Amino acid sequence: MALFGGAAAPLSARILPSATSASLSLSSSSFECLRYSPRISNLFLNQRRVSEVRVSSRGYGSISAVASDPDQLKNAREDIKELLKTKFSHPILIRLGWHDAGTYNKNIEEWPQRGGANGSLRFEVEQKHAANAGLVNALKLLQPIKDKYSNVTYADLFQLASATAVEEAGGPKIPMKYGRVDVTSPEQCPEEGRLPDAGPPSPADHLRQVFYRMGLNDKEIVALSGAHTLGRSRPDRSGWGKPETKYTKDGPGAPGGQSWTAQWLKFDNSYFKDIKEKRDEDLLVLPTDAALFEDPSFKVYAEKYAGDQEAFFKDYAEAHAKLSNLGAKFDPSEGIVIDGSPNA
Ligand code: HEM
């Protein structure tokens, strides 16, 4: 198996900046009478979407909306688009959404113990998990938007930013819904070790172990891996990749790292074409990427996506929406659709 990009061991210890936030405590018992009923209108619901502002020095937990407001979600999406135009942060925002959702364990029924898309990654304790190295930078980018739209939950904001980033990079429209409820304290974060390793002894077995635990199947594993068509790996974060290549030395955004594809801000099917060929030493192939063309079941989908971008986009959009909903508790329970298009 030819691997490009080196296989340094993941870093075990990292120091991440700690966010401090002073605050006051706001919450309104006068809204208690409006307790949840999925049938009542959005207008009515919005009245009880008051924000709680709580003291936290343990992460980006200062403002936690009870549930998201549709108009604020739409406005936040426009702000995310503007952010992407100047920061080119599409890849890291997608990774943020994936790492919040990907802790889901389908064998645990209780929320939030089951993990998933619940905003827990805003807390420092989870940012310090080795797999999340560098994601504090994504949080820093989103915090001003969170501050502006206090009635958008972190859980929704992470998934909104990720889906918007895919779409703005030229990828498919994701059939998203919103209304995810946030966890409220670091004690509710999942334990470390639920996300996949890039270089385990048996990559295909490992991928199945981790993604089947989330309730995802082989097709979804391969389709979702296609998100690596965007972005870079950095040795000082994950331990994987070259410090820089001809494709990354000038940015855009912060220069450096090793990308999977030459045009690493364009969402297309070149990830599958490039890892199949393995011809360019400046492009990254992780052991878990290589497994997609080595395992007989994964290979069916990887070959299909290398030859048919439309098939990739269709399967990716469905799998991304499913990933974004994992473990989430929705309020209202049917979720909020902000596009006027049918949701997943
Ligand atoms: C299949 C198992 C996966 C493994 C082992 C894996 C591993 C990695 C690693 C090691 C990095 C480099 C991080 C860094 O050094 O900053 C990375 C980056 C990335 N991953 Fe994955 N990943 C997997 C699945 C996914 C999935 C399912 C998605 C999204 C749906 C995703 C999206 C991304 C993106 C967009 C980046 C680039 C981040 C950036 O440029 O800052 N990955 N991944």
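Here, each number is a calculation from the coordinates, and none is a lab measurement. Since this is a predicted model, take the numbers as computed values, not measurements. For neighbour counting, all protein chains shown are included, and Cβ atoms are generated from backbone atoms with ideal geometry for every residue, glycine included.
Summary table
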read-out	value
The one condition in (1) part of a loop (DSSP other than H, G, I, E, B); (2) within 13 Å of the ligand (Cβ to nearest atom); (3) crowded, with 17+ Cβ neighbours inside 10 Å that residue 243 fails to fulfil	(3)
Within the stretch 246-277, considering residues that are under 23 Å from residue 164 (Cα atoms) and of a type in the set (A, V, I, L, M), the one farthest from the ligand (Cβ to nearest atom)	262
Residue within the stretch 256-264 that is surrounded by 19 or more Cβ atoms within 10 Å (Cβ to Cβ) and on the phi > 0 side of the Ramachandran plot present	yes
Selected residue (only one of 163, 131 is in contact (Cβ under 8 Å) with a residue 40 or more places away in the chain and closer than 17 Å to residue 238 by Cβ)	131
Residues (free of Cβ contacts under 8 Å to residues at least 12 places away in the same chain and either among the small types (Gly, Ala, Ser) or touching a Leu at 6+ places or on another chain (Cβ under 9 Å) (or both)) located in the stretch 288-344	299, 307, 311, 340
Index of the failed condition, residue 140 passing every other in (1) touching a residue at least 12 places away in the same chain (Cβ under 8 Å); (2) farther than 23 Å from residue 196 by Cβ	(1)
Any hit, the stretch 200-222, residues being in contact (Cβ under 8 Å) with a residue 12 or more places away in the chain, more than 11 Å from the ligand (Cβ to nearest atom), farther than 23 Å from residue 165 by Cα and not in a helix (DSSP H, G or I)	yes
